[in-house]
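Chemist: Got a structure for you, written out below as C-alpha cells; questions coming shortly.
The values are calculated or read from the model by the stated rules, or taken from the named source; none is laboratory data. Values in this document were obtained by computation on a predicted structure and should not be read as measured data. Here Cβ is always computed from backbone atoms with ideal geometry, including for glycine, and neighbour counts include all displayed protein chains. Just the protein is used for accessible areas: all its heavy atoms, side chains included, with ligands, DNA and RNA removed. Shrake-Rupley method; radii C 1.70, N 1.55, O 1.52, S 1.80 Å.
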Amino acid sequence: MGVFDRLPPVDHLRSEKMCFVQLIMPAESARLAVTYLGELGLLQFKDLNEDKSPFQRIFVNQVKRCTEMSRKLRFFSDQINKAGVNSSVRPVLQPDIDWEELEAKLGEHEHDLLEMNTNSEKLLQTYNELLEFKLVLSKAGGILASSHDPVAPADRELDEHIYNKEVDDGIAYLLEEGVHLGATKNSGVKFVSGIILKSKALAFERMLFRATRGNMFFNHAPAGEPVTDPISGEEVEKTVFVVFFSGDQAKSKILKICDSFGATCYPVPEEMVKQRHIFHEVSLRLSDLEVTLNAGIQHRNKALESVGSQLWRWTIMVKKEKAVYDTLNMLNFDVTKKCLVGEGWCPIFAISQIKDVLQCATLRSNSQAGIIFHEMDPIDSPPTYFRTDKFTNAFQEIVDAYGIARYEEVNPAVYSVITFPFLFAVMFGDWGHGICLLLGAFVLILREKKLSSQKLGSFMEMAFGGRYVILLMALFSIYCGLIYNEFFSVPFHIFGKSAYECREKACSDAHTAGLIKVRDPYPFGVDPSWRGSRSELPFLNSLKMKMSILMGVSQMNLGIVLSYFDAKFHGNALDIRYQFMPQMIFLNSLFGYLSLLILIKWCTGSQADLYHVMIYMFLDPAGDLGENQLFWGQKELQVSNLLNNKNNMLHYLLCLLANNYSPFPLSDTPVAYGHCSCSMDALPKAFYLEETSQGGTFL
Amino acid sequence: MGFLVTTLIFLLSGGVASLLSLLCCNRGPSTNLFHLTLVITATVCCWMMWAIVYLAQLKPLINPILSGE
C-alpha cells in the first residue's frame, strides 16, 4: 500500500484546494469589479444578507429595472414569434451600447410596437366590418329584389340611369338602422338588414316573431363562406337577414333584440342604383384599407426585424446586469457606508487571477482606493470545485446530477469517464450503429468552434455539450458490437470459423438436435452460429444476465475500495474498521460468492442450478448439495459464508448503535455550497442555460 | 490456451496504450496519472467483457438448433 502513498495526486480525483477570502471594494468600483469577477467565474460569494427579503436589499431598484427590461425583451420575442419574422443575427459589427441607452431604447421600441399594434387592430376591425357590410349588401340586395313585387321595367331603367348623387354618409356603418321608405308602394313597411351568427339565427327569428306578435317577415340567406368576426377575430359562419316590419314600436323592439343577440345591422338602401353605388364605394374603401393594413404590417415587421437582430445580445446584457446586481445584493455596506464588504470562496490557484482582475476594475473605474482582497479563516467547510476542461466537463456534470462530492472526497467522475460510456455500450452493442454514432460525434467535435458560438436548440445543446461522452460511447459501442457480433443485427465471421458444425455432412438433424461444438470457442465474441437459431435466446439471455452480475459486482467492489482510499486519506480509522470491512465482507460473501459460482460453472461446464444453490444456501445450509455441487468443500464454504455474514452484520449494527455513528458521515455544509462546483462557470457560458433563478446566482 | 494468450494480448495492448498516452499527452504528473487511470480502466473493462463472453462459450450446456422447417 506504500506505493499508493508515493504517487502524485490524480487530477480531478479530489476537489481543488479552496480558501475563504474577504473583499473590500469602494462603492464606485464595486459594480465593475463584480462584472469582471463574474466573467472570470472563479469566486463564489457568500450571501451576507440571507435574512433580508429581496425588497430590503441595497440594490433593489436596479434589480427592478433589470426585471422590467427583461419583461420588455420577452414581449419583443413574443411579438417576433407571433409575426413569424425571421431575423438574422448579424454578429460582430454592432457598437457597444451603454446601459442607460439600452433602457431608453427598449422603452422606445416597446412604445412604438404597442402603438403599431393598436393601430393595426383598429384597422383590422374596420376592415372586417366593411367586409361584412359588403356581404350584407349583396345578399340583402338579392332578398329585397325578390321580395318586392316586380317593379315596372320602365321605372327600373329610369332608376338605373339616374346616378343619384346623394351619397349617404359613408362613415355611418355601425349600428344604424336601415330605415328606408319604399320607392313605389308599401310605404308603411320598413326593413332592417344585418348579419348574425348562424348558430343564433333560429332563436333570433323566434324571438323576433314573439316580440312583434307575428307582425314581421324574416328572410335570411347564408353568407356562403366563413367570415372573420370584427370583434372576436375568429372565422365563423354567419347568416345575412332582412326583417320586414311596420310601425315604430316594432322598430325599437327589433333593434333591441338585434343588440342582445349580437347581430350587427347595416343600412341597405332599397333601390338597386343606390345599392350598387354603395357597393362600389365599399369596395373602394376595402381596397384602400387593405393597402393601409399591408403597409402597416410591413412597417411593423421591419421594426421587429431590427429589434430581433439585436435581441440575443440585449438579453445577455440584461441577464448579466441582473446577475451583477443580485451578487451586489449579497454584499454589505461597511461602517463608513463608502465600501462594500463581501466574503466568498475561491480556489487557491485562482488567487493571482482574481487579484489581476480586481486591479483592472480599479483602473477602469478611476477609483482612488484599491480593492482589498485577503484570506480569512473559514468557519464552514469549503465548497467543492473541480477544474474541468471541455472533455471532463460533461462527465462531471453527469456525476454531479447524482450528488456532489464533499470537499476533498474522492470524485467518482474519474472512473465514470470510462465506465459510463462502457456500460452504455454493453447495452447498445452493435458496431454498425456504433459507427453511425461515431460519425455523429465526429461531426459535433470537428465543428466545435462554429457550434459553440451559435445559439442552439435545447436538444442540440444537450448533444453538443455531451459530444465527448457520445464519442466514447461510440468507440465502446463498436467494441461491444464486435463482441456481441452484431452489425445492424447481422453476425459476421470476422474472427475465423464458427465453432459449431453439423454432426454429419447432410446436416439432417440441424433443425432438431442442432449443431455440435467441434473446435475451440470462437476467439473473439459470440459465435456467429447462434444468430437465428432457436436456442439463441436461452443462450444469450443466460450469458447477458451473468455478465451483468459479474460487471455489477466488480463495479460495486471498486466503489467500496475507493471508499477505503478515501478513509485513509482523511485518516479516518473508524471508517475503515466499521464501514469498509463490513461492506466488503457483506458484498463478497454473498454476491462475490455468486460470481465465483458463475465462473466455476462456466469453466467446468457443470449443470448445477445456481438459483437453487443460492436459495438453499439460506434455506437449508446444512443440507446435501447433491448434483449442484460445483467444487469440493462447497458446502463448508457456504456455511462459513453465512456465519461470517451474520456475525459481520451484527458487529456492524452494534457498532452503529454504540457509537451513535451514522453510516454516512454527515456533512455540516448546506447543500447550496455543494452546488457551486457546477455553477462556477464563466458568466458568458452560463447564459446559454435557462435564466438563473432569483437569489441563487453564484458567480 | 486461447484464453491465456488473448489475456496476454490485452495486457500488452494496455501497456502500449499507456505508453502512448504518456508520450503524446505529457502534461504533468497529475494529469499523466489521470490519463493512465483512464487507460487502465478501459483495458480492464474491455478485457472483462471479452473474457466473460469467451468463458461462457468454453463448455456450453446448449447448442444452436437452426430454425426453419
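Chemist: Confirm whether residue A:313 is within 30 Å of residue A:134 (Cβ to Cβ), part of a helix (DSSP H, G or I) and modelled with pLDDT under 90.
Modeler: In short, no.
Conditions tested, residue by residue: (1) touching a Ser or Thr at 6+ places or on another chain (Cβ under 7 Å); (2) more than 14 Å from chain B (Cβ to nearest Cβ); (3) of a type outside the set (Gly, Ala, Ser).
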{"residue": "A:353", "(1), (2), (3)": "no, yes, yes"}
{"residue": "A:362", "(1), (2), (3)": "yes, yes, yes"}
{"residue": "A:370", "(1), (2), (3)": "yes, yes, no"}
{"residue": "A:377", "(1), (2), (3)": "no, yes, yes"}
{"residue": "A:388", "(1), (2), (3)": "no, no, yes"}
{"residue": "A:392", "(1), (2), (3)": "no, no, yes"}
{"residue": "A:407", "(1), (2), (3)": "yes, yes, yes"}
{"residue": "A:417", "(1), (2), (3)": "yes, no, yes"}
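Chemist: Within segment A:503-520, how many residues turn out to be closer than 26 Å to residue B:4 by Cα, out of contact with any Gly (no Cβ under 6 Å at 6 or more places or on another chain) and part of a loop (DSSP other than H, G, I, E, B)?
Modeler: 2
Chemist: Please pick out the residue among A:462, A:545 that is out of contact with any Phe, Trp or Tyr (no Cβ under 7 Å at 6 or more places or on another chain), open to solvent by 70 Å² or more (accessible area, probe 1.4 Å), in a helix (DSSP H, G or I) and more than 12 Å from chain B (Cβ to nearest Cβ).
Modeler: Residue meeting the stated conditions: A:462.
Chemist: Could you check how many residues of segment A:500-512 are open to solvent by less than 40 Å² (accessible area, probe 1.4 Å) and either facing another protein chain (nearest Cβ under 7 Å) or of a type in the set (Ser, Thr, Tyr) (or both)?
Modeler: 2
Chemist: Taking the condition farther than 16 Å from residue A:133 by Cβ, surrounded by fewer than 18 Cβ atoms within 10 Å (Cβ to Cβ) and of a type in the set (D, E, K, R), does residue A:288 pass?
Modeler: Criteria not met by residue A:288.
Chemist: Just to check your reading of the model, which residue among A:42, A:106 is part of a helix (DSSP H, G or I), on the phi < 0 side of the Ramachandran plot, in contact (Cβ under 8 Å) with a residue 24 or more places away in the chain and open to solvent by less than 20 Å² (accessible area, probe 1.4 Å)?
Modeler: Going through A:42, A:106 in turn, just one is part of a helix (DSSP H, G or I), on the phi < 0 side of the Ramachandran plot, in contact (Cβ under 8 Å) with a residue 24 or more places away in the chain and open to solvent by less than 20 Å² (accessible area, probe 1.4 Å): A:106.
Chemist: Within segment A:264-272, is even one residue touching a strand residue (DSSP E or B) at 6+ places or on another chain (Cβ under 6 Å), within 29 Å of residue A:125 (Cβ to Cβ) and aliphatic (A, V, I, L, M)?
Modeler: yes
Chemist: In the set B:41, B:31, which member is farther than 25 Å from residue A:604 by Cβ, touching an Asp or Glu at 6+ places or on another chain (Cβ under 8 Å), at the interface with another protein chain (Cβ under 9 Å from one of its Cβ atoms) and outside any loop (DSSP other than H, G, I, E, B)?
Modeler: Step by step, each of B:41, B:31 is checked, and only B:31 is farther than 25 Å from residue A:604 by Cβ, touching an Asp or Glu at 6+ places or on another chain (Cβ under 8 Å), at the interface with another protein chain (Cβ under 9 Å from one of its Cβ atoms) and outside any loop (DSSP other than H, G, I, E, B).
Chemist: Answer with yes or no whether residue A:394 is closer than 30 Å to residue A:524 by Cα and out of contact with any Pro (no Cβ under 6 Å at 6 or more places or on another chain).
Modeler: no
Chemist: Let me ask another. Of all residues being open to solvent by 100 Å² or more (accessible area, probe 1.4 Å) and at pLDDT 70 or above in segment A:76-95, which is farthest from residue A:455 (Cα to Cα)? Just the residue, please.
Modeler: Restricting to residues being open to solvent by 100 Å² or more (accessible area, probe 1.4 Å) and at pLDDT 70 or above, the top hit is A:82.
Chemist: Ok, one more. Quick check, is residue B:68 open to solvent by less than 40 Å² (accessible area, probe 1.4 Å), more than 21 Å from the chain's Cα centre (by Cα) and within 9 Å of chain A (Cβ to nearest Cβ)?
Modeler: The answer is no for residue B:68.
Chemist: A follow-up question, please. Can you say whether residue A:532 is modelled with pLDDT under 95, farther than 30 Å from residue A:418 by Cα and open to solvent by 30 Å² or more (accessible area, probe 1.4 Å), as far as the supplied structure shows?
Modeler: When the stated conditions are applied, residue A:532 passes them.
Chemist: Among the residues of segment A:449-458, write down those that are assigned to a helix (DSSP H, G or I) and either surrounded by 12 or more Cβ atoms within 10 Å (Cβ to Cβ) or modelled with pLDDT under 85 (or both).
Modeler: Correct list: A:451, A:452, A:453.
Chemist: Looking at this structure, is residue A:523 within 11 Å of another protein chain (Cβ to nearest Cβ) and in a loop (DSSP other than H, G, I, E, B)?
Modeler: Judged against the criteria, residue A:523 is a match.
Chemist: Scan segment A:55-73 for residues that are within 25 Å of the chain's Cα centre (by Cα) and not polar (S, T, N, Q) and jot them down.
Modeler: A:66, A:68, A:69, A:71, A:72, A:73
Chemist: Then there is this: Given the structure, is residue A:279 under 30 Å from residue A:212 (Cα atoms), surrounded by 15 or more Cβ atoms within 10 Å (Cβ to Cβ), of a type in the set (Phe, Trp, Tyr) and at pLDDT below 90?
Modeler: Against the criterion (under 30 Å from residue A:212 (Cα atoms), surrounded by 15 or more Cβ atoms within 10 Å (Cβ to Cβ), of a type in the set (Phe, Trp, Tyr) and at pLDDT below 90), residue A:279 does not qualify.
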